[in-house]
1. Within the set of pairs 6 or more residues apart or between chains, which connect a residue that is in contact (Cβ under 8 Å) with a residue 40 or more places away in the chain inside region 502-515 to a residue that is part of a loop (DSSP other than H, G, I, E, B) and aliphatic (A, V, I, L, M) with Cβ atoms less than 7 Å apart?
2. Looking only at region 49-58, count every residue that is surrounded by fewer than 20 Cβ atoms within 10 Å (Cβ to Cβ) and of a type outside the set (Asp, Glu) and tell me the total.
3. Any residue that is in a helix (DSSP H, G or I), in contact (Cβ under 8 Å) with a residue 24 or more places away in the chain and either in contact with an Asp or Glu (Cβ under 7 Å, 6 or more places away or on another chain) or under 15 Å from Asp446 (Cβ atoms) (or both) - is there at least one of those in region 464-481?
4. Just the residues that are in contact (Cβ under 8 Å) with a residue 40 or more places away in the chain, polar (S, T, N, Q) and either over 16 Å from Ala312 (Cα atoms) or not assigned by TED's automatic domain parsing to the domain that holds Leu141 (or both), please, taken from region 41-98.
5. Based on what the data block shows, is Gly222 in the same structural domain as Ala144 (by TED's automatic domain parsing), without any contact (Cβ under 8 Å) to a residue 40 or more places away in the chain and small (Gly, Ala, Ser)?
6. Please give the number of the condition Val36 fails out of (1) surrounded by fewer than 16 Cβ atoms within 10 Å (Cβ to Cβ); (2) touching a Leu at 6+ places or on another chain (Cβ under 6 Å).
7. Quick one: would you say Thr172 is crowded, with 22+ Cβ neighbours inside 10 Å, in a helix (DSSP H, G or I) and either among the polar types (S, T, N, Q) or at pLDDT below 90 (or both)?
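The values are calculated or read from the model by the stated rules, or taken from the named source; none is laboratory data. Note that the structure is a prediction, hence the values are computed from the model and not measured. Here Cβ is always computed from backbone atoms with ideal geometry, including for glycine, and neighbour counts include all displayed protein chains.
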Amino acid sequence: MTPADATPTPAQLRLVVRLNRGINLLAGRGDLITTVRWKPEPDDPPAWFTPATGEVTLNGPVALDGAKPSEINPLTPEGRLRHPVIIGLLCHEAGHAAHTQWDSHFGDGIDVIPTRAAVLLEEIRIEHRQLRRRPGDRLYLRAASRRVILPGADAPSAAATRWRAGQAALLTSGRVDAGVLTTGEVRKVAAVCRTTLGRKDFDRLRRVWRKALTVPDGDVDGLMKLATRWADIIGVEDPADAPAPPCGHGVLPDSTEEPTASDQESGRDEQDAASTPDADEDTGADELEKALAEAFQGAMVLVAASGEQEAAAELGHDEDSVPDDGERRRAQDAAEQEAAETEAERVFHGNRRSGASDPRGELRPPTAIERELARRTGKALRRAKFRERGKIVVDSAVPPGRLRGREAMLGAAQRSMGTPITAKPFRRVIRKDTPEPPLTVGIAVDISGSMDWATEMLASLAWIVAHAAAEVDGMTATVAFGERVTAITAPGVPPAAVQEFDAPDGYHEFVPAMRALDGALQLTAGQGARLVFVVSDGHYGPAIERQAAEVVERFARHGVHVVWLDLASEHDTTIVPPGAIPIRVADIGEIPHQVEDVLVRALRVA
């Protein structure tokens, strides 16, 4: 504790004892200690870990989040759910305590900027590792996201803005890959980061941080190589343009702390001298800095609110602030439908983003085999749509209808006895046609790099299914998803030619692709038989695999069948989310036979 904290209250002392036990529980260790700065310095971060001493330090006012020390108990499930922010800070520092295995000489003899980049990369690496050990900590990490700091340089410059954009991308999109956040929550800040860094450099940085997630504990050399690559991509040379991250408060050695005031002043003088002729560049940097700060803060507030709401929902005691399951589900469905319509508008009617690659290759006429397969698949759809005429049996006291002797005798007896007549001696069968259910089919094609070998089959499958659905007056739309979602065919317009694909991408925008189809075709809000064909190997990474499972579950809940076409070779595996209907496609000629049973089941229940 600091000298100003020399006389803590009994409640504060009890909380520190509980925090000491809690941090060791979260980190899987028994030698950690926790201290709380009840009166912190102005520049103290929310929390930090010092590997050399095994000490976790909390910024008291920030960690308590308005609660009293006597109210917080991190040792019980209810206590953790009641105060998720302080638990989230503990979970993050526990991740450091369990997985940051750096000795006291870390950073010695290494340039300042790569060292700071290594500390940044370690932030998402340890959260990823923590969630692999303790998946339930995700809720708390999300709740504490509002406390994540994005520091800026003292003097805005193009280099400083690039460093800040790289850090923002790492702490948002990087935490998506680590399994903490979701793509939708960071979409706006990711767009600003792409604009600031350029799409090419943003993608290069993403490859670096994804590689960092796989670095084993204690492999400092491996992490430093990635950090050096990170710094080279950003292109920062002056340490004044790359401020030390708050998370390095207890990690970075004195040699890599902030430059002195004279150094900073000198750097600013040189920077001012260099930038005097280009005042417009400073104005542009200021605007980007403002947009970046607003987008980052907005994303963190959104995530924190979601985490706190999830904690309150699990606690289940505050009925006024936590809606019941039905209300929550309806609110979620309404929000999801709005997001789907927005994504559909962007994908099918919006302007193409500058700098984005187009996965669409050449157009070619369909082959005779493809036409025959589309016709046969259309027949399978037609057989599935056919419904027998329904019949209703109606009993009546008067004609028309077939006379039933027993009922006629019962009626005569009731009349002779003067009792109420209940007999209905005439029976007839009324037959009526059952309307065929409308058919709506969405097609989502994976054009990430792992599907490069299957691009020819992807193109054929998309054309065959779209034309088969059109033959029975079904509504279809097709999208390709990789690093972005591309409209291939608009709703209700079957493709005249076969669209060939390129598959160079390194990411999977699966959720936006499903939202675009949902919004364009009204899948979850519609009626009749609704299906989505997904052509993908399902190799998305933990975060997106979890999101894919949630999307498939929501579609199934609304009566939408997700059919997963498995194109994998004998030596590969396809990951199919729970709830999806897998169909193995070893030969494209097997499609009509393989999908008919699935289509019959889907259409019969419509």
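1. So the pair list comes out as Asp502/Ile447; Ala503/Ile447; Asp505/Ile447.
2. First pass over region 49-58, keeping only residues surrounded by fewer than 20 Cβ atoms within 10 Å (Cβ to Cβ): 50-55.
After this cut, where a residue has to be of a type outside the set (Asp, Glu) as well, the list is 50-54.
Number of matching residues: 5.
3. yes
4. Thr50, Thr57, Ser70
5. Details: in the same structural domain as Ala144 (by TED's automatic domain parsing): yes; without any contact (Cβ under 8 Å) to a residue 40 or more places away in the chain: yes; small (Gly, Ala, Ser): yes.
Spelling it out, Gly222 is indeed in the same structural domain as Ala144 (by TED's automatic domain parsing), without any contact (Cβ under 8 Å) to a residue 40 or more places away in the chain and small (Gly, Ala, Ser).
6. Here Val36 meets the rest and fails (1).
7. Numbers: crowded, with 22+ Cβ neighbours inside 10 Å: yes; in a helix (DSSP H, G or I): yes; either among the polar types (S, T, N, Q) or at pLDDT below 90 (or both): yes.
Criteria met by Thr172.
Condition check ((1) modelled with pLDDT of 50 or more; (2) surrounded by 18 or more Cβ atoms within 10 Å (Cβ to Cβ); (3) charged (D, E, K, R)) across all residues:
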position	(1), (2), (3)
Thr214	yes, no, no
Asp217	yes, no, yes
Ile234	yes, yes, no
Ala273	no, no, no
Ala279	no, no, no
